[in-house]
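The values are calculated or read from the model by the stated rules, or taken from the named source; none is laboratory data. Since the model is a prediction, treat every value here as computed from it, not as a measurement. Heads up, the Cβs are rebuilt from the backbone with ideal geometry, glycines too, and the neighbour counts pull from every protein chain shown.
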Amino acid sequence: MRSLTLAIVSICAAQAQEQGRLLGMSAGGDAGFAAVELLGDRPLSFTTLKLSAPPRIVVDLAETALSGTPADLTVEDGTIRRVAAAPAGARTARVVIELAADAEFDVRAHGSRIEVRVPRVAPLLAKADQTRAMPPAAVAQSKPAPVAPSAVPKANQVSPPGVALVGRRPRPAAAAPTASRRIALADSGRRAITGIGFRPNGGGEVIVRSDQPLEYGISGEGNAVLLHLPSAKIPIANNRRALDTRFFGGPVERVVPLPVPGGTDVRIELRRHAEYQLAQSGSVLTVSFSSSSP
C-alpha cells in the first residue's frame, strides 16, 4: 500500500512539473501597435483565434496553469480595452484580449514570452493602471470555432520551444474584409486552394494561394508545423503533390498537403526547430522561416 501511495504521489508530481505556468500579463506598444505580453515560466504551447461581436483575440495556452496572474487588466488605449485570464478546462489557461474595433493581429513567441500586437485603430491614449474583474464565465464561454478532431494535434499544442507563431498581418484598410463580409465568405462554400509553392528566401517561405482569403490555424507537432485550412480544398490533383525542399539547405525539408475532414492541412516538415512568421495578404498565405537556429 505504501508503494502504491508513493507511486501515485510521484505521478501527480510529474504531471505538475509538466504543466507550465502563466506568471503575468502586461500591456504596452507604440504609436503603430498596441501590444499585450504574456510571461510564462517556460516556452508555452498556444493556439490563437479571433472572434467577433464583440471583437476579441483568444489565446489558449495548453498544459498551462495561472500563477499569480491578475484576472483582468484594463487597458483602454483606443485599441485594446482589456485583457482577461481564466482557466479553460483542467490543463488550459485562456487569455481573452477585448478590442475596441475589429482588427488583424500578430503573435510572436520569444522564449518564455508571447507578444500579441494589434495595429492601432485610434490614437494612443494614456494607459489605465486600474484593473476590474471580468467574470471567469465570460472568458470560458469564448469558445473557438469547431475544428475536425483529426485536424488538430493532441492538446492543441502549438510551436515547439523557440518557435514563433504569427497571426494575420494587417492589410490595408481598403482590402480588409469586414466581419459581415467574412461571414458571407464562410457561408458561400469551400474555398479553393489554387497552388502551394516554396521560395528559398531566408530559411524558406511556404506559399499557399487560393481563390479568396482563407481561415487558418497553425500548430506544432515535433519537428513539423501544421497549417490548418478549414473549409478549403485542393481541386486540382497536381497541386496535392508533396514538395521536396531539402536540397535548398534550409530548415524546411518537405511540404505535404493533407486532406482532412472539413478542409485541408499543410504539413511542413523541418530538419530542426526554426522560428517562423505567418501572414496573409489578400488570397496569399505565407509561412516564412528563419535561417538561423533558435
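Residues in segment 204-225 that are among the charged types (D, E, K, R) and in a loop (DSSP other than H, G, I, E, B): D211, E215, E221.
Being within 21 Å of the chain's Cα centre (by Cα), more than 22 Å from V59 (Cβ to Cβ) and assigned by TED's automatic domain parsing to the domain that holds R190 is not true of Q280.
When segment 226-261 is filtered for residues that are assigned to a strand (DSSP E or B) and of a type in the set (G, A, S), only A232 remains. Within segment 262-277, being within 21 Å of R240 (Cα to Cα) and part of a strand (DSSP E or B) holds for G263, T264, D265, V266, R267, I268, E269, L270.
Comparison of A71, A90, A14, A53 shows that the only residue that is at pLDDT below 85 and on the phi > 0 side of the Ramachandran plot is A53.
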